[in-house]
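Below is one structure, written out as structure tokens, with a few remarks after it.
The values are calculated or read from the model by the stated rules, or taken from the named source; none is laboratory data. All values reported here derive from a predicted model rather than from experimental measurement. With ideal geometry, Cβ positions are generated from the backbone for all residues, glycine too; neighbour counts draw on all protein chains shown. Ligands, DNA and RNA are stripped out before the accessible areas are found, and what is left, the full protein with its side chains, is counted by its heavy atoms. Shrake-Rupley method; radii C 1.70, N 1.55, O 1.52, S 1.80 Å.
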Amino acid sequence: MTLATASATGLTPKRTYRFLAIAEAVTWTLLIVAMVAKYAFQVDALVPIAGPIHGFVFLAYGAMQLVVGRNQRWAAGTVLLGIATAVVPYATIPWERRLERRGALEGAWRTEATDDPRDASALDRAFRWGIAHPVLLVAIALVLVAAAFAALLTAGPPDEWFA
């Protein structure tokens with residue numbers, strides 16, 4: 001599967017970004033409902049389900065920030081602010097809308113080098129290779145997200161990290 005094929009089927013930076021921004025908001029809802037059930041109704045069974053789902057989507061959203069941000073040539077501050085929006089419930093949606101209004105999500109995946117000097121960097125060459133091999137890139141990203149997820153699960157719940 002080449003990226004040209006993927007783009008023709010709608011896998012664009014904008015659609016990828018929107019999908020994960022909405023997924024992050026949906027998983028916030030799951031987590032909030034689970035927490036209300038736990039603390040208001042003493043139903044503990046939902047947090048161990050909703051928490052990991054939300055955590056995994058949170059990490060995927062962060063990884064997507066790095067990929068789309070690199071593709072769109074965003075400043076590091078824009079990428080970091082995008083990652084920070086996942087910490088605040090539902091902030092990913094207005095952030096995605098803001099990027100959309102600014103035109104920051106427009107365009108296709110950058111699979112070919114241009115005369116832009118940034119395209120000559122090793123990081124950009126590796127990025128273009130990954131974008132040209134989306135199945136492999138997604139597999140690598142999933143392995144990295146899963147590794148981070150496993151490390152965080154081993155560390156325990158965030159409220160216990162500094163106790």
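Here are a few things to note about the model shown:
- Karplus-derived HN-Hα couplings along region 71-78 (A = 6.51, B = -1.76, C = 1.60, θ = phi - 60°), whole Hz, x at Gly and Pro: 4, 8, 6, 6, 5, 4, x, 5
- Here the scattering of the chain is modelled by Debye summation over its C-alpha atoms, one equal scatterer each and no solvent; at q = 0.13, 0.15, 0.20 Å⁻¹ the log10 of I(q)/I(0) is -0.69, -0.89, -1.35.
- Residue-by-residue Karplus 3J(HN,Hα) for region 120-137, coefficients 6.51, -1.76, 1.60, Hz, glycine and proline x: 7, 6, 4, 4, 5, 4, 5, 4, 4, 4, x, 5, 6, 10, x, 5, 5, 4
- Separation of alpha-carbon centers, region 86-109 and region 146-163, rounded to whole Å: 28
- Value at 222 nm in deg cm²/dmol, rounded to 500, when DSSP H runs of n ≥ 4 in the chain each add -39,500 (n - 2.57): -23500 deg cm²/dmol
- Loop-located chymotrypsin sites (Phe, Trp or Tyr not before Pro) in region 71-150, at most 15 other Cβ atoms within 10 Å (DSSP): Tyr90
- Over the chain, relative contact order from alpha-carbon pairs under 8 Å, at least 6 apart, %: 30
- Accessible area of the chain belonging to carbon and sulfur atoms, whole % at 1.4 Å probe: 73
- Solvent-accessible area per residue in region 76-163 equals 65 Å², computed with a 1.4 angstrom probe and all protein chains kept.
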